[in-house]
Each structure stands twice: as structure tokens, then as C-alpha cells.
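Quick notes on the structure that follows.
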Amino acid sequence: MDYDNDLNNNSNNSEKEKIFEKRYIDIKNEFKSFQYLFEPYQLEIEKKIQRFENQLSGNKEIINELNRNIQQEKSEKQHLINQFKEIHSMVLLMKNKLDASEKEIKLLNLKNEELTLDLQLLRQQQQQQQQQQQKE
């Protein structure tokens with residue numbers, strides 16, 4: 001419809017109001033038709049938006065859980081590293097003690113050999129003295 005021609009041809013206010021009212025009703029009807037036409041698409045889009053929001057919420061929960069697991073693993077890893085460092089320090093101390101013990105054993109063995117030789121020498125001297133006494 002050509003509303004502009006109708007408005008120009010009718011100079012009466014009452015006629016103009018009727019034309020405006022008819023135009024308003026036509027626009028309103030077109031809008032409703034447009035709404036009905038796109039309502040299923042709008043509902044589908046709203047469903048998809050809701051699904052994506054639910055997925056996003058679920059993904060956020062998964063990400064938070066993964067972050068908690070990562071933090072826990074980091075903590076456990078650090079604890080293991082600290083334990084390893086402590087064990088390593090203890091191993092070094094034990095190695096030093098072992099080395100010291102080995103050196104002490106070597107010294108004791110040498111002392112034992114020395115004492116054994118001294119004992120043999122004393123026995124020999126004693127035997128010699130006994131032999132001399134027997135000769136006299």
C-alpha cells in the first residue's frame with residue numbers, strides 16, 4: 001500500500017488518523033508474522049546457547065579439577081624431591097662414615113700386624129734367653 005499518497009490526498013485529520021492506525025496495525029501484523037517465522041529458530045538458538053553454557057560450566061569444573069590435580073601432583077613431586085635430597089645427604093654421610101670405618105679397620109689391621117710381630121719377636125727373645133740359660 002502506498003500510505004504517502006493516501007496521506008497527501010486526504011487532508012482531513014480524521015482520515016489521516018485512520019491511515020496512521022491502519023499503517024500501525026499493518027506494521028504490527030508484519031512484526032508478528034516475522035516473530036512467528038523466526039520463533040523456532042530463536043528457540044533453537046536459545047537451546048544451543050543453554051547447551052553451550054552447560055558445556056562451558058562443565059568444562060570449567062573439569063579445568064578446576066585438573067588444576068587441583070596439577071597442584072597436588074606438584075606438591076607430591078616437591079615432597080619426593082625433598083625426600084630424595086634428604087636421602088642423598090644421608091647417603092653421603094653414611095659413605096663418609098663407611099670410609100672412616102674402613103680407614104680405622106686398616107689402621108687396626110696394621111696395629112694388629114705390628115703387635116703380632118712384636119709378640120713373635122718377644123717369643124724369639126724369650127726362647128733365646130731360655131736357651132742361653134739352659135746352656136749355662
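Odds and ends about this structure:
- The chain: angle of helix 13-135 to the longest principal axis, Cα-based, in degrees nearest 10: 0
- The share of Cα pairs per 5 Å bin across the stretch 70-136, counted from zero up to the longest distance, runs 4, 13, 9, 9, 7, 8, 7, 6, 6, 5, 6, 4, 4, 3, 3, 2, 2, 1, 1, 0 percent.
- Computed in the context of the full set of protein chains, the accessible area of the chain at 1.4 Å probe radius has 54% of its extent on carbon or sulfur.
- Per residue, the accessible area of the stretch 1-116 comes to 96 Å² when a 1.4 Å probe rolls over the protein heavy atoms.
- Dipole magnitude of the chain, debye to nearest 20 (Cβ charges: Lys/Arg +1, Asp/Glu -1, about Cα centre): 900
- Charge dipole of the stretch 74-128 (Cα centre as origin; +1 on each Lys and Arg Cβ, -1 on each Asp and Glu Cβ, all else neutral): 320 debye, rounded to the nearest 20.
- The computed volume of the Cα convex hull per residue in Å³ for the structure shown corresponds, within (1) 132; (2) 169; (3) 112, to (2).
- When the chain is described by a simple charge dipole with +1 on each Lys and Arg Cβ and -1 on each Asp and Glu Cβ, the residue from 109, 134, 121 located farthest towards its positive end is 134.
The values are calculated or read from the model by the stated rules, or taken from the named source; none is laboratory data. Quantities reported herein were computed from a predicted structural model and do not represent experimental measurements. Note: ideal-geometry Cβ built from the backbone for every residue, glycine included; neighbour counts use all protein chains shown. With ligands, DNA and RNA removed, areas are computed over all heavy atoms of the protein, side chains included. Shrake-Rupley method; radii C 1.70, N 1.55, O 1.52, S 1.80 Å.
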